[in-house]
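Written out below as structure tokens is the structure these notes cover.
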Amino acid sequence: MTGAVLGAVLACTGLLWLAGFGLFALACRLSATEPHRVRDARRIAAWLRAGPWLLAASCLLAATGAGLLFVG
């Protein structure tokens, strides 16, 4: 596997994670006014607390992939 192929895979994966997390965050904001069961509210809150880490990991993955594409 060449660096360019690996870079493309990493960049696409990072961008896909970013899009998925963005969609999840948007859905959480749109449903914020709806009443949730306690269990569901805790699960949503846990994912939102992990949000900055997921965002950082996705950006790092996409940047690494873009760097490999640039070099390769």
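Structural remarks
- Linear extension gain, Phe70 paired with Arg42, 0.36 nm per residue minus alpha-carbon span: 5.9 nm
- With all protein chains in place and a 1.4 Å probe, the accessible surface of the chain carries 75 percent carbon and sulfur.
- Long hydrophobic helices in the chain: the complete DSSP H runs spanning 18 Å or more by Cα along their own axis with mean Kyte-Doolittle hydropathy of at least 0.5 are 3-30, 51-71.
- Separation in nanometres of the label points that stand 7 Å from Cα toward Cβ, at Leu26 and Val9: 2.9
The values are calculated or read from the model by the stated rules, or taken from the named source; none is laboratory data. As the structure is a prediction and not an experimental result, all values here were calculated from the model. FYI the Cβ positions are ideal-geometry reconstructions off the backbone, even for glycines, and counts take in every protein chain you see. The protein model used for the area step is the full one, side chains on, heavy atoms only, and it has no ligands, DNA or RNA in it. Shrake-Rupley method; radii C 1.70, N 1.55, O 1.52, S 1.80 Å.
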